[in-house]
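Here is the structure we will look at, set down as structure tokens.
The values are calculated or read from the model by the stated rules, or taken from the named source; none is laboratory data. On a predicted model such as this, the values are computed, not experimentally measured, just so you know. Counting neighbours? That spans all protein chains shown, and the Cβs are built from the backbone with ideal geometry, glycine included.
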Ligand SMILES: Nc1ncnc2c1ncn2[C@@H]1O[C@H](COP(=O)(O)OP(=O)(O)OP(=O)(O)O)[C@@H](O)[C@H]1O
Ligand SMILES: [Mg+2]
């Protein structure tokens, strides 16, 4: 079973947007998906409630009051994390995931918060001794803006404690397609291709990476 966690301590960085679009992507590829909402706000569960019945099924798993149990046949688990997690909860989440995706929006406040959070994750990884794969995604980017360039430079230069480059997957632009998709319980991959072609293009490095062994533990 493939387990992907979308995580960032900063509110509004795009965790739910990435989690729901990833779930919709894998579902439209024919995989059996469970979307686990770990956030008491329940935004991923709201998205699933809005999802039309004729679309590929995604199992809804409420993971904030109970232990996480996904249907036995599940092939891909996408987990939408809350912003606020205490250390124990964060350690449990990190242990549970094979791959972690960190969305970061271009804003000085968010970039500083991401730096701090990456530091926390590093020290946590020393404690929980996990070789979970991490990658960053720049989200809600307005191309050509100075701050977008600064975020990209920062993510591009980011190094793992081993000195290797921290994988920086892609830049997702700020687009009303995400708002329309969120409203209707869909992913951008489930609209007419012409309507979301540019956005799909930006997603492709991330979806390719997630489907390659490079994004799995131990590689
Ligand atoms: N690429 C994007 N383009 C346009 N709007 C976006 C994009 N990504 C996210 N948004 C919007 O930004 C807001 C915050 O996104 P989202 O809810 O996914 O963040 P979050 O990290 O899950 O927030 P929280 O910490 O509250 O759970 C939402 O209104 C969402 O629709
Ligand atoms: Mg959310």
(request) Return yes when residue 40 is under 24 Å from residue 169 (Cα atoms), in a loop (DSSP other than H, G, I, E, B), within 16 Å of ligand 1 (Cβ to nearest atom) and touching a residue at least 12 places away in the same chain (Cβ under 8 Å) and no when it is not. (result) no
(message) I need the full set of residues from the range 34-62 which are closer than 16 Å to residue 188 by Cβ, out of contact with any strand residue (DSSP E or B) (no Cβ under 9 Å at 6 or more places or on another chain) and within 16 Å of ligand 2 (Cβ to nearest atom), in order please.
(response) 50
(request) Kindly provide the set of residues from the range 110-139 that are out of contact with any strand residue (DSSP E or B) (no Cβ under 8 Å at 6 or more places or on another chain) and at pLDDT 95 or above, ordered by number. (result) none
(request) Name the residue, out of 137, 105, that is within 16 Å of ligand 2 (Cβ to nearest atom) and farther than 25 Å from residue 1 by Cα. (result) 105
(request) For the range 1-30, enumerate the residues that are part of a loop (DSSP other than H, G, I, E, B), closer than 14 Å to residue 139 by Cα and more than 9 Å from ligand 2 (Cβ to nearest atom). (result) 7, 8, 10
(message) Which count do you get for residues in the range 148-190 that are within 16 Å of ligand 2 (Cβ to nearest atom) and surrounded by 14 or more Cβ atoms within 10 Å (Cβ to Cβ)?
(response) 6
(message) I need the full set of residues from the range 191-202 which are in contact with a helix residue (DSSP H, G or I) (Cβ under 8 Å, 6 or more places away or on another chain) and surrounded by 12 or more Cβ atoms within 10 Å (Cβ to Cβ), in order please.
(response) 191, 195, 196, 199, 200
(request) Within the range 203-216, track down each residue that is modelled with pLDDT of 95 or more and either closer than 18 Å to residue 148 by Cα or buried (at least 17 other Cβ atoms within 10 Å of the Cβ) (or both). (result) 203, 206, 207, 209, 210
(request) Determine, yes or no, whether residue 130 is closer than 24 Å to residue 209 by Cβ and crowded, with 21+ Cβ neighbours inside 10 Å. (result) no
(message) Out of the strands (runs of 3 or more DSSP E) lying entirely within the range 74-147, which hold 3 or more residues that are over 24 Å from residue 32 (Cα atoms), within 16 Å of ligand 1 (Cβ to nearest atom) and touching a helix residue (DSSP H, G or I) at 6+ places or on another chain (Cβ under 8 Å)?
(response) 133-141
